[in-house]
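This report concerns only the one structure given below.
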Amino acid sequence: MVKKYGKYTADQLLQLSKYLRSLPELQTKWQALALDNPTDLQEALKPPFFWSAIYELSFLHQSMFLTFLSGMAEVAIDTQDEPDPQQHLLDIIRRDLDSLDDMPDFDLPEDFEERHLIGAWYAQIKTIECIWYYGVPLNDLVANIKDGDDTALIKAVKIDRSIVSCPPIADRIARAEMVSDEKFFKMLQNALKGKPKKPTDRYGPLRYILMALDQEEVLDQLSINERYILFCEELGLYPHNTADPARSLHQFIQRWKSEQST
């Protein structure tokens, strides 16, 4: 099936953008369900409970791991035989979101427990959140941290404070402790206080869709006007009530691309 935007049609991108917009509410709903079931939560989160090592995996491998843990591996495999795999997955996502009223039960693979699934799910949400803020997944920041980039480390910590237990970051903190690097710890202390100053705002889903289309090698093939039609008119991800929205959007995309190369 030939599609205009790589693996996606414009309507499928719209469905995906609606799902992305629902993620903050979905995360809040999950947290509320967990807090309403404290006994179940305490049992599920028995030590050792941490997920930061997952951030060394690519976004694709994170998704595959989460799919495996949630018992969706066979569904994902069967999806490849569907006439339109992307639409089939979007239908599954919509169905699951509509039915999320109680703590779900999962048939976990052998040797895995609920804490592994919860950790993998939370890591996936935080990785998507990182794309919203910075336009890149967390594993890209972790790769930069391995190369000695403290700016990437501070960005990662602002997304998920528990990421300090991720091996490359734990290693950097240990080395800073060894030499009493107070300047580093001051930066780390500030990062632990909260979210990035750059808001996740309405452009979060746009950054995610930009990344998806860039990976499909479609983004650079679109003209300024085609980008305007897609992102402003069809998806509603960028405002078109400015003097020159097409040019403004083009500049936004150019800044986003520039940030990916640094």
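The values are calculated or read from the model by the stated rules, or taken from the named source; none is laboratory data. Keep in mind that what you see is a predicted model, and the values were worked out from it rather than measured. Neighbour counts are summed over all protein chains in view; Cβ atoms, including those assigned to glycine, are modelled from backbone coordinates with ideal geometry. Only protein heavy atoms, including side chains, enter the accessible area calculation; ligands, DNA and RNA are left aside. Shrake-Rupley method; radii C 1.70, N 1.55, O 1.52, S 1.80 Å.
Below are the figures for this structure:
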| item | result |
| --- | --- |
| Test: residue in region 235-249 that is acidic (D, E) and over 17 Å from W132 (Cα atoms) | yes |
| Qualifying residue in region 162-173 (condition: within 14 Å of the chain's Cα centre (by Cα) and touching a residue at least 12 places away in the same chain (Cβ under 8 Å)) | no |
| Tally, over region 181-231, of residues that are open to solvent by 60 Å² or more (accessible area, probe 1.4 Å), assigned to a loop (DSSP other than H, G, I, E, B) and hydrophobic (A, V, I, L, M, F, W, C) | 1 |
| Every pair of residues 6+ apart whose Cβ atoms lie under 9 Å, when the first sits in region 204-215 and is at positive phi while the second is part of a helix (DSSP H, G or I) | none |
| Scan of region 188-214 for residues that are touching a Leu at 6+ places or on another chain (Cβ under 9 Å) and within 17 Å of V142 (Cα to Cα), ordered by number | L188, A191 |
| Any hit, region 125-136, residues being at negative phi, at pLDDT below 95, surrounded by fewer than 22 Cβ atoms within 10 Å (Cβ to Cβ) and polar (S, T, N, Q) | no |
